[in-house]
1. Would a scan of the stretch 89-108 turn up a residue that is more than 20 Å from the chain's Cα centre (by Cα), within 25 Å of residue 172 (Cα to Cα) and at pLDDT 95 or above?
2. Quick one: residue 97 ticks every box in (1) closer than 30 Å to residue 166 by Cβ; (2) out of contact with any strand residue (DSSP E or B) (no Cβ under 6 Å at 6 or more places or on another chain) bar one, so which box is it?
3. If you scan the stretch 69-80, which residues turn out to be surrounded by 14 or more Cβ atoms within 10 Å (Cβ to Cβ) and in contact with a strand residue (DSSP E or B) (Cβ under 6 Å, 6 or more places away or on another chain)?
4. Return a yes/no flag: does the stretch 23-40 have any residue that is under 30 Å from residue 153 (Cα atoms), at pLDDT 95 or above and surrounded by fewer than 14 Cβ atoms within 10 Å (Cβ to Cβ).
5. Test residue 147 against the stated conditions and say whether it is over 27 Å from residue 100 (Cβ atoms), part of a strand (DSSP E or B) and not assigned by TED's automatic domain parsing to the domain that holds residue 60.
6. Going by the conditions given, is residue 46 under 22 Å from residue 86 (Cβ atoms), assigned by TED's automatic domain parsing to the domain that holds residue 87, over 18 Å from the mean Cα position of the chain (by Cα) and surrounded by fewer than 19 Cβ atoms within 10 Å (Cβ to Cβ)?
7. For a quick check of your reading of the model, give me the residue pairs whose first member lies in the stretch 155-177 and is outside the structural domain of residue 109 (by TED's automatic domain parsing) and on the phi > 0 side of the Ramachandran plot, whose second is modelled with pLDDT of 95 or more and assigned to a strand (DSSP E or B), with beta-carbon atoms closer than 6 Å and at least 6 apart or on different chains.
């Protein structure tokens, strides 16, 4: 599918948006965050659509910062358009980062689980208490739980995670409520 992208303030249409240069300001010396890799990943892709800047900003916040424990990071973009090249809009983007504290994983508990023990469910999460809090790893653990329940024919299984955020000690704990449903034969 071929899409066209337009940018506000620009009276032309091009076949996408290319980031020529991605820069970071503010909190740039962060433990476990490789902003050079983040910038290279962003620069390697072509973007489209009216929400391109918002989408890229969310990606920086989620993948570059939150997945490295900076759970409450704030990212504000500014952009400067360069002359179009090869049929694409060319931009330099600067992200101002207010990272906040780095959070760690706290206790992960389970409620209403009967089919699998808490230990079995906990083993599906590839993050230990004290590790940097990583929402992507939590999502992977929840997906693994779902797959494991479905393998046992609990097709209506759902999990509802509830996070407890300790802003004093910078720890995020989870209580995951299991709704197992009926086993299908």
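1. yes
2. The failed condition is (2).
3. Residues of the stretch 69-80 surrounded by 14 or more Cβ atoms within 10 Å (Cβ to Cβ): 69-75, 77, 79.
Within the stretch 69-80, 69, 74, 75, 77, 79 qualify.
4. The first filter runs over the stretch 23-40 and keeps only residues under 30 Å from residue 153 (Cα atoms), leaving none.
Checking the stretch 23-40: not a single residue is under 30 Å from residue 153 (Cα atoms), at pLDDT 95 or above and surrounded by fewer than 14 Cβ atoms within 10 Å (Cβ to Cβ).
5. So residue 147 fails the test.
6. Here the answer is yes, as residue 46 does meet what is asked.
7. Filtered contacts from the stretch 155-177: no entries.
The values are calculated or read from the model by the stated rules, or taken from the named source; none is laboratory data. Please read these numbers as outputs of a predicted model, since none were measured by experiment. In this analysis, Cβ positions are derived from the backbone assuming ideal geometry, glycine residues included, and neighbour counts consider all displayed protein chains.
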